[in-house]
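The values are calculated or read from the model by the stated rules, or taken from the named source; none is laboratory data. Because the structure is predicted, anything quoted here is derived from the model rather than measured. Note that each Cβ is placed from the backbone with ideal geometry, even for glycine, and that neighbours are counted across all protein chains shown. Ligands, DNA and RNA are excluded from the accessible area calculation, which covers all protein heavy atoms including side chains. Shrake-Rupley method; radii C 1.70, N 1.55, O 1.52, S 1.80 Å.
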Amino acid sequence: WGIILALYYQKRIPKTPVYPLNDDNQINEAHFGKDYWKTDEQILKEQLQPTIITCDEKKLIGIKIRMSLVENRTFELWSHFMPHRHEIQHQVCQELISMQVYDGALNLGNPQQEFNKWATVEVSSFDNIPEGMESFILPSSLYAVFHYKGHPSDYRIYNYIFTNWLPNSAYELDERPF
């Protein structure tokens, strides 16, 4: 599996940078291999360095389904969308866009918080929306894009982004779809 996590952020005052491993760990790495003494968090930090981009407004057409992290219905959503994606006219590219839209602020400590999860494609026009599908305008904003290769249910990625990268970055989460 491969996923790209795109999250909206707004600038804030930068925090103190994180420093590299101490000398003892560097000596041990030479003997045991460079990743032997590293935690999952350290490895993810090295592998998941986001690219900060400004994304223009996007017109999207697709379907949505109500769910929570506890009651994950992502497979059901994409299983329903994929056979019908070719019915969408005016597609800009072949990329598929998955996003989560919360009713309010994201509550990281509540895996039962419900949201609408979308399966969409970008279009140039909202003319002729297929039956059973809806339109969505994704506003222009700043994104942190994380390139990750692995299974999308790997909680360590989200844990790293929200408990390590975000609090130590120059950004804070904005209340928009991601």
> Any chance the range 42-59 includes a residue that's surrounded by 15 or more Cβ atoms within 10 Å (Cβ to Cβ), out of contact with any helix residue (DSSP H, G or I) (no Cβ under 9 Å at 6 or more places or on another chain) and at pLDDT 85 or above?
Replying inline: yes
> Does ASN25 satisfy the condition of being at pLDDT below 85 and surrounded by 13 or more Cβ atoms within 10 Å (Cβ to Cβ)?
Replying inline: yes
> Among the listed residues LEU69, LEU106, which satisfies the condition of being under 30 Å from GLU172 (Cβ atoms) and open to solvent by less than 50 Å² (accessible area, probe 1.4 Å)?
Replying inline: LEU106
>> Is it the case, given these coordinates, that ILE63 is more than 17 Å from the chain's Cα centre (by Cα), over 24 Å from TRP165 (Cα atoms) and assigned to a strand (DSSP E or B)?
In response: yes
> Out of PHE75, PHE162, PHE115, which single residue is of a type in the set (Phe, Trp, Tyr), loosely packed, with under 15 Cβ neighbours inside 10 Å and in contact (Cβ under 8 Å) with a residue 40 or more places away in the chain?
Replying inline: PHE162
> Within the set of pairs 6 or more residues apart or between chains, which connect a residue that is exposed (fewer than 13 other Cβ atoms within 10 Å of the Cβ) inside the range 142-153 to a residue that is at pLDDT 70 or above with Cβ atoms less than 8 Å apart?
Replying inline: GLY150/ILE157; SER153/ASN72
